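Colleague: Before we start, here is the structure in question, set down as C-alpha cells.
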Amino acid sequence: MAYLLIRRTLGFVLTLFAVSVVVFAAMNILPGDPALTILGLDATDDALAALRAELGLNDPPLIRYLHWVGAALTGDFGVSHSFGVPVSGLIAERLPLTVSLAVSGMVVTVAAALALGIAAAANRGRAGDWAVMFLSQIGVAVPAFWLSMLLVLLFAVTLRWLPPGGFPGWEEPAAAARALILPTVSLALVQSAVLARVTRSSALEVMRLDYVRTARAAGFSRRRVLWRHVLPNALIPIVTIVGMQFAALVTGTIVIENVFYLPGLGRLVFQAISNRDLPTVQALVTLFAAIVVTANFVVDLLYLAIDPRLKARS
Amino acid sequence: MIEARALSVGFGPALALREASLSIAPGARIGVVGESGSGKSMLGLSLMGMAPDAAEVTGSLTVDGVEMAGARERVWERLRARRVAMIFQEPMSALNPLKRVGETVMEPLLVHRGLSRSEARARALALFREVELPEPEAKAMQFPHELSGGQRQRVLIALALACDPMLLIADEPTTALDAEVALRVIELLVRLSEERGMALLFISHDLAAVARATREILVMYGGDVVERGETEAVLAAPRHPYTRGLLAARPSVGDFRRPGAPRRRLPTIPGTVPPLDLLPPGCRFSGRCPVEIARCAAERPPAHEGARCWLAAEGAA
Amino acid sequence: MKRVAPNLLIGGVLVALVVGVAALSLVWTPYDHAVLNVRGKFQGPSLAHWLGSDQLGRDVLSQLMVAARNSMTVALISVLVGGTIGVALGLTAAALGGLVEEAIMRVADIGFAFPALLFAIMLAASLGPSLWNAVAAIAFINIPIFARVARASANQIWTREYVLAARAAGLGRFAISRDHILPNIAAPVIVQATIEFAVAILAEAALSYLGLGAQPPAPSWGRMLSEAQTLMYQAPQLAIYPGLCIVAAVLGFSLLGDGLRDATDPRLARAR
C-alpha cells in the first residue's frame, strides 16, 4: 500500500515536471521570437533588444527554464505584458469563476449520468433504455459550444428566462448563479452523455456477476440490490472516466467562458493570446495541464481508497 | 413445507425443466444429481423464484400452502432468505468484493429483521461460530479476497442462515473446493440441517457428495427427473439406464489403490447431452440409451417405482 | 444474424453523405462560396439559395459544402499523421520491450496531459493562429492514443505461434513487426482511427470557433458558428445549419467506429 502510494506520487511529480518542460519548449524553443511576437513586426531593433534582455531571452534555454520553474514554484509567474500586473494576481482573481463552473458542471454531470445510466441498465432493452442510449449517442456528437448557442437561443433570446452571457460579479450571488446556469448545463450535458453510457455498460457488467445473484437470493429488493450492491462495484471503472472528464470539463470551461463571455481563466487565456501576452499564456497553459494531471492522480488515489483488492495486491 | 407439482421452465418450446414434482418436508435432505444442462440448477432457481426473466414458468409451486406460481417479484422477495435460502457454486465471486464479510452477513439481519447494528453484529458473529468459521471476530472485518475458498463458502452459508430459512438450496456448494474442504462443508450442511430441522436441497454432479449429504435423491437428465428414491437404495440398485451409466462412470477408490492391477478404462455414457431444443420428445435419454426400445423416443415414459423408463414400466407389466 | 448492425448502417450512411458532399464541393457548389452579395444578405431559404444567405450575402449551402471538405481534410491529415507516428511508436515499444517500451509509454502518458485545445493555444501563442497549427495540435494528441492501441494489440500478437515460428526462422524484430504484427493489428487501429476521426472533426470545429483554426475566408463549420453567434437576434437560422453538419459528421464516424469494433471484436460486442 505504502509502496504503491509512493510510486504513484513519484509518477505524479515526474509528470508535472515533464508537463512544464513541454510547455516551456513549445512556447520558447519553437521557431519564432517571443520579443517579436509581443511587440509586433513594426517594432524597432532597439526595442526588441531591450525586451529580449528584459525577458532573459539572451540566456541559454536551460537557464531560462530553471528561472521560470523556480519562480513558478514560489507562485511567481512573472508579469503580464498586457495587464501590467503579476500573472499570479490575475489567476487568483479569475480562478473562482472557472472552478465554480468546473465543479458545478461535474456535480451535474455525475448526478445526471448515474441516474440515467443505472435506470437504463435496470430497464435494459426497454423503451427507457433505448431513449437514454439514443440521447447519449447524440449527446456525444454535439459540440458543447453549439449546444450553448442553442440553449441561449431558447432560454435567453426566445424565452428571455436567463441572461445570454456576461457575469455580474460575486457581489450579487443570485444574479451570479443565474449567469452560471446555462454554462453549467452546456458543460454537463455532453459529458453526462458520455458518462451515462459508461455507467450503463458498467452496471450491466456487474449485474451478471455472482454476488448480485447472492444479494437477490438474500431477499433484497431490486432497488436495494441496484444501489447497494451493483452501483458501488460499477463505480470503479466509472471513477477513471470521471477523472478524465474532469480534465475535459476544465478545458471545456475555456470554450464555454468564451461562448458566454465569462471572466474566468479561459477568457483570460484568449485575451492573453490576442494581446501576445506570453508569460500569461505560458502560466495558464501550465496550470490547465497541471489540473489535468492532478485529476488523474486523484483518480489513482481514489482507486486505492475504493477497492480493497488493490490494497492487498501491493 | 414446499410442494412443486408439474413445475416446468421453458424457453419458447424448449423445456429446461419438464413437469418436475417434488415435496420438501422440514428437515428433509434431498440430493439432485445430473450433468450440466440437466435442469438441476434450474430446479433450484425456480424454487427461489429466480428463473431467468426470459423463462416461462408453469405448473404449481406452493410454499407454506401459498401458491407462488406467477407470483410477482415483490412477493418472492419476502420469501427469499426468510423461508428459502440458496448458496452457489463459486464462493470466489458470490460475495460482494467491496464489503467486509461481517457486513455482508449483517445486511439481511438489518434489512429483514430490523435488528440494531450491535444486535446484528452479535448475531452475525454467532452465525460465524455456528458455521465454524475460525476466528470469527477477526474474519468479520476482512474482505472476501482475504479468505480461503472454504471460509468464503462458510460465510455464504452463514448469510443464507441469517434469517433461519426452512429450506437451504445448495447449488454445487463443494465443486469449487478442495476434496478435504468439500468434505467438511458437507458435514457442516448435514449438521446444520439436523440441528435446525432445516430442509436441504443438495444439487451436485458429484454422486459421492450427494450420497454423503442426503437421504433422498432425484436424478435429472435433459430437464426431466428420470429417477427418484432413497439415496442408498437408488445408488445400490439403480433402475434407470441413465442412473446406471452415471454410477458406472464414477471412479471408485479401489480403481487406483491396487498397484499392478490392470487399468480399467472408465466406462462413459456415449454421446453428449443434446441442446435443449434438440432433445427427443419422449424419454429425454433416448438416443444415448443402451437399452432403448421402439416407443422411447416418441412417448414420455410414466414414473414406475421411481424410474421414468419404459423398460422398467413394461418389465413390470 | 446476418443483417447489418444498426450503428454500422446509420454510421455508414451519414459518413457516405458527409464525405460525398465534401467530394462534390471539389467540382460543384451552387455558388462560389466566397462571393459577397451585400444586397442579398440574410435571405431565407429559397429555390435560388436552398439554405439562404449569411450576413454578407454568401450562399450558406455552398459554404457548408466547402466547410465539409475542409473539415474532412483536417481530420484526415491529423489522424493520418498522428496515427502513423503513434502506431510506429507502439510497434517499436512492443518489439523492443523492456526499458525502451517503458520509456515510450511513459512519454506517451505525458501527451495525455494536453488536450488538443491546450496544445493549439500554445502553438497559437508562439506561432500565431492558423489552420495548420490546429492540424498539428490534433495530430499531436492522436500520437499517444494510437501508441497505446498499437502497443496493446501488438503485444498480444507477439505471443502467437506464427510469430514464434517467424522468430525461430531468424526473422528480425522489425521485419516481424512489419510482416506479421502490423497486418494483424490493422483492425483495432482502423477502428480507433474511425473514432478519432470523429474526435478530430469536433476538435477542428471547436478550435475554429475559438479562432485558433480555419482563418477567414476559409469556410469552417466552427467559424460559421462563431460568426452566427454575434447575429443570433437577427438570423438565428445561421446558428443551426453548421451545428447540424457537425453533429451529422461526428455521429456518423463514431457510430461507424462503434459498429466496426463490434464487427471485428465479437467478444466486446457481447459484453455491451
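Colleague: Between C:ALA5 and C:ARG160, take the C-beta separation as r, use R0 = 30 Å, and let me know the FRET efficiency to the nearest 0.05.
Modeller: 0.60
Colleague: Once the Cα atoms of helix A:45-55 and of chain A are each reduced to a long axis, what angle between those two axes, in degrees from 0 to 90 to the nearest 10, is obtained?
Modeller: Relative to chain A, helix A:45-55 is tipped by roughly 50 degrees.
Colleague: Pairing the Cα long axis of helix C:98-111 with the longest principal axis of chain C, what angle in degrees results, from 0 to 90 and rounded to the nearest 10?
Modeller: 20
Colleague: Work out the charge dipole of chain C with +1 on the Cβ of Lys and Arg and -1 on the Cβ of Asp and Glu about the Cα centre, then indicate which of C:TRP158, C:VAL13, C:VAL74 is farthest towards its positive end.
Modeller: Result: C:TRP158, furthest along the dipole toward the positive end.
Colleague: Over chain A, what is the relative contact order in percent, taking alpha-carbon pairs closer than 8 angstrom and at least six residues apart?
Modeller: Dividing the mean separation by the residue count of chain A yields 27 percent.
Colleague: Ratio of alpha-carbon Rg to the 2.2 N^0.38 Å globular estimate for chain B, to two decimals, please.
Modeller: Ratio of Rg to 2.2 N^0.38 Å for chain B: 1.06.
Colleague: In the stretch A:218-244, which residues become less accessible by 10 Å² or more once every protein chain is in place, relative to the chain on its own, using a 1.4 Å probe?
Modeller: A:ALA218, A:GLY219, A:PHE220, A:SER221, A:ARG222, A:ARG224, A:ARG228, A:HIS229, A:PRO232, A:ASN233
Colleague: Against the 2.2 N^0.38 Å scaling, with N counting residues, where does the stretch C:1-86 land? I'd like the Cα-based Rg ratio to two decimal places.
Modeller: 1.43
Colleague: May I pose another question? Please compute the per residue accessible area over chain A with all protein chains in place, 1.4 Å probe, rounded to a whole number of Å².
Modeller: 45
Colleague: Now for a separate question. Residues in the stretch B:128-160 near a label at B:GLU195, defined as backbone nitrogen under 13 Å from the 7 Å Cα→Cβ point?
Modeller: Residues B:128-134, B:158 fall inside that zone.
Colleague: Please calculate the 1.4 Å probe accessible area of A:LEU16, with all protein chains present, and give it to the nearest 10 Å².
Modeller: Here the accessible area works out near 60 Å².
Colleague: So which aspartates and glutamates can B:LYS139 reach, going by Cα to Cα under 17 Å and dropping same-chain residues fewer than 8 places off?
Modeller: In chain and number order, the partners are B:GLU103, B:GLU107, B:GLU130.
Colleague: So what's the gap between the Cα centers of the stretch C:209-251 and the stretch B:162-210, to the nearest angstrom?
Modeller: The stretch C:209-251 and the stretch B:162-210 have Cα centres separated by 69 Å.
Colleague: Specify whether the C-alpha gyration tensor of the stretch A:237-304 places it in the rounded, prolate or oblate class, a ≥ b ≥ c being the square roots of the eigenvalues: rounded for a/c under 1.5, otherwise prolate if a/b is larger than b/c and oblate if not.
Modeller: Oblate is the answer for the stretch A:237-304, as a/c is 1.5 or above yet b/c matches or exceeds a/b.
Colleague: Based on the Cβ-Cβ distance of A:VAL157 and C:ALA263, what FRET efficiency does E = 1/(1 + (r/R0)^6) give at R0 = 41 Å, to the nearest 0.05?
Modeller: Working from the Cβ atoms, E equals 0.40.
Colleague: So, one more: Can you give the net charge of the other residues whose Cβ lies under 13 Å from the Cβ of B:SER36, counting K and R as +1 and D and E as -1?
Modeller: Within the 13 Å Cβ shell, the charges total -3.
Colleague: Another one. Indicate the gyration tensor shape class of chain A (rounded, prolate or oblate), computed on the Cα atoms with a ≥ b ≥ c the square roots of the eigenvalues: a/c under 1.5 is rounded; otherwise a/b larger than b/c is prolate and the rest oblate.
Modeller: It is oblate, given that a/c is not under 1.5 and a/b is not larger than b/c.
Colleague: Okay, moving on. So, in Å, what gap is there between the alpha-carbon centers of the stretch A:131-161 and the stretch B:121-137?
Modeller: After rounding, the separation between the Cα centres reads 56 Å.
Colleague: Evaluate the relative contact order of chain C (contact order divided by residue number), counting alpha-carbon pairs under 8 angstrom at least 6 apart; express in whole percent.
Modeller: Value for chain C: 25 percent.
Colleague: While we're here: Once the Cα atoms of helix C:131-158 and of chain C are each reduced to a long axis, what angle between those two axes, in degrees from 0 to 90 to the nearest 10, is obtained?
Modeller: With rounding to tens, the tilt is 30 degrees.
Colleague: Amide H neighbours of C:ARG58 under 5 Å, at least 5 residues apart or on other chains, H built in the peptide plane: list them.
Modeller: Residues meeting the criterion, in which the H sits 1.01 Å from N, are C:ASN37.
Colleague: Around C:LEU202, under 15 Å between beta carbons, what's the net of Lys plus Arg minus Asp minus Glu among the other residues?
Modeller: -1
Colleague: Put a dot 7 Å past each Cα toward the Cβ at B:THR62 and A:LEU150; how far apart are the dots in nm?
Modeller: 6.0
Colleague: What relative contact order, as a whole-number percentage, does the stretch C:191-266 give when Cα pairs under 8 Å and 6 or more residues apart are counted?
Modeller: Contact order relative to length: 40 percent.
The values are calculated or read from the model by the stated rules, or taken from the named source; none is laboratory data. The structure presented is a predicted model; accordingly, all values stated were derived computationally and were not measured. Heads up, the Cβs are rebuilt from the backbone with ideal geometry, glycines too, and the neighbour counts pull from every protein chain shown. Please note that ligands, DNA and RNA were not included when accessible areas were found on the heavy atoms of the full protein model with its side chains. Shrake-Rupley method; radii C 1.70, N 1.55, O 1.52, S 1.80 Å.
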